[in-house]
1. Quick one: what pairs do we get from the stretch 266-285, first residue at pLDDT below 95, second surrounded by fewer than 19 Cβ atoms within 10 Å (Cβ to Cβ) and part of a loop (DSSP other than H, G, I, E, B), C-beta under 9 Å, 6+ apart or different chains?
2. Of the residues in the stretch 214-234, how many are over 21 Å from the mean Cα position of the chain (by Cα), part of a loop (DSSP other than H, G, I, E, B) and surrounded by fewer than 18 Cβ atoms within 10 Å (Cβ to Cβ)?
3. Could you look through the stretch 46-66, keep only residues that are within 23 Å of G134 (Cβ to Cβ) and touching a Leu at 6+ places or on another chain (Cβ under 9 Å), and pick out the one that is surrounded by the most Cβ atoms within 10 Å (Cβ to Cβ)?
4. Kindly indicate the residue of the stretch 162-191 that is part of a loop (DSSP other than H, G, I, E, B) and closer than 13 Å to K151 by Cβ and also modelled with the highest pLDDT among those meeting that condition.
5. Only one of L102, L144 is over 17 Å from the mean Cα position of the chain (by Cα) and modelled with pLDDT of 95 or more; which?
6. Could you look through the stretch 105-137, keep only residues that are more than 25 Å from G191 (Cα to Cα) and at pLDDT 95 or above, and pick out the one that is surrounded by the fewest Cβ atoms within 10 Å (Cβ to Cβ)?
7. Since I69 meets every condition but one in (1) under 25 Å from G109 (Cβ atoms); (2) in a helix (DSSP H, G or I), which condition does it not meet?
8. Which residues, counting only those in the stretch 88-118, are touching a strand residue (DSSP E or B) at 6+ places or on another chain (Cβ under 8 Å), outside any strand (DSSP E or B) and farther than 15 Å from L144 by Cα?
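The values are calculated or read from the model by the stated rules, or taken from the named source; none is laboratory data. What you see is a predicted model; the values in this text were computed from it and never measured. FYI the Cβ positions are ideal-geometry reconstructions off the backbone, even for glycines, and counts take in every protein chain you see.
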Amino acid sequence: MKEITSKTLITGIFGYPLSHTLSPAMHNKAFEALGLDYVYLPFPVSPENLPPAVKALSALGFKGVNITIPHKEAVMKYLDEVAKEAELIGAVNTIVVKEGKLCGFNTDGSGFLNSLREAGFDPKGKKAVVLGAGGACRAVAMTLSWAGIGKLHLAARSVAKAENLARDISNFSSTWLEVSNLEDLTEQAIGEADLIINTTPVGMYPHVDELAPLNTNALHRGQLVCDLIYNPLQTTLLKEAGKQGCATLNGIGMLVYQGAESFSLWTEKSAPLEVMRQAVLNNVGKSRKKVP
Ligand code: NAP
């Protein structure tokens with residue numbers, strides 16, 4: 001185990017509950033690989049403890065923390081500065097402590113975009129169907145519109161949330177936007193998309209047999225189907241999409257790239273991506289056993 005001294009720089013993650021996080025394994029391996037005297041610790045911070053916990057970051061000399069469910073939106077009002085992208089997305093997943101000031105960033109959207117590009121997909125001018133309208137969806141959809149996606153069809157169970165998101169995107173982009181209830185998503189809309197993204201948790205462990213709400217018969221070769229879920233690595237949606245001849249992408253790349261960006265914000269160094277990816281892959285199975 002790494003030696004911790006008074007000089008060791010502290011990072012970590014605030015969330016509640018935190019039983020499933022792979023981030024400590026990913027970041028601690030990355031610090032070790034680069035010989036950095038940093039440590040990354042999990043902090044289960046309940047909603048009522050969020051304000052004092054965030055306030056303590058500066059006093060305790062933290063370099064920063066990741067923020068996860070359920071605090072990504074609530075934390076924003078306790079920060080000194082919020083980056084423009086995070087402000088527009090409406091959520092912060094990374095805090096950096098700079099000269100005593102708390103600065104908020106969102107690396108989820110750029111993490112997804114980097115994983116998409118790594119898979120050889122350039123969203124510019126393409127058509128996408130996005131399932132869901134929650135926090136991760138906002139980050140992904142906004143970032144796709146900044147990257148020049150041609151058309152976004154947002155299909156959600158709570159249509160009002162998808163409409164809000166479409167309105168927010170339309171304020172700064174010329175992306176062609178459509179919104180529908182998940183049940184009203186037509187075979188034609190699915191069939192004409194280049195990219196389909198599941199941002200709902202349907203199919204996530206332990207409900208691995210559940211299929212994300214999509215008519216998979218309308219999928220075909222030439223499409224890329226993404227699931228933000230990484231546990232399991234192959235969701236039922238990705239398995240069905242593979243049977244239809246689609247290329248598929250799980251949430252590991254997004255997890256690694258959003259983490260890499262946080263890592264660079266804290267250390268001002270390039271993240272060792274492959275070390276981080278391997279750490280995540282080595283621990284997915286272990287975390288699966290822990291989730292109740
Ligand atoms: P969230 O804010 O709770 O949003 C979840 C969305 O899914 C909401 O729109 C919700 O609809 C919808 N939904 C939930 N259950 C549904 C169902 N049975 N049928 C239809 N829609 C349903 O959660 P999030 O933070 O966006 O996370 C969503 C997923 O992304 C999770 O699986 C998470 O693990 C994954 N994720 C992955 C990464 C990564 O790095 N790979 C990063 C972030 C998130 P309502 O609004 O109607 O409830």
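1. Final answer for the pair search is V284/L233.
2. 4
3. Ranking the candidates gives V65 first.
4. In this case the residue turns out to be T175.
5. Result of the check over L102, L144: L102.
6. If we take residues in the stretch 105-137 being more than 25 Å from G191 (Cα to Cα) and at pLDDT 95 or above, then S110 is surrounded by the fewest Cβ atoms within 10 Å (Cβ to Cβ).
7. (2)
8. V92, N93
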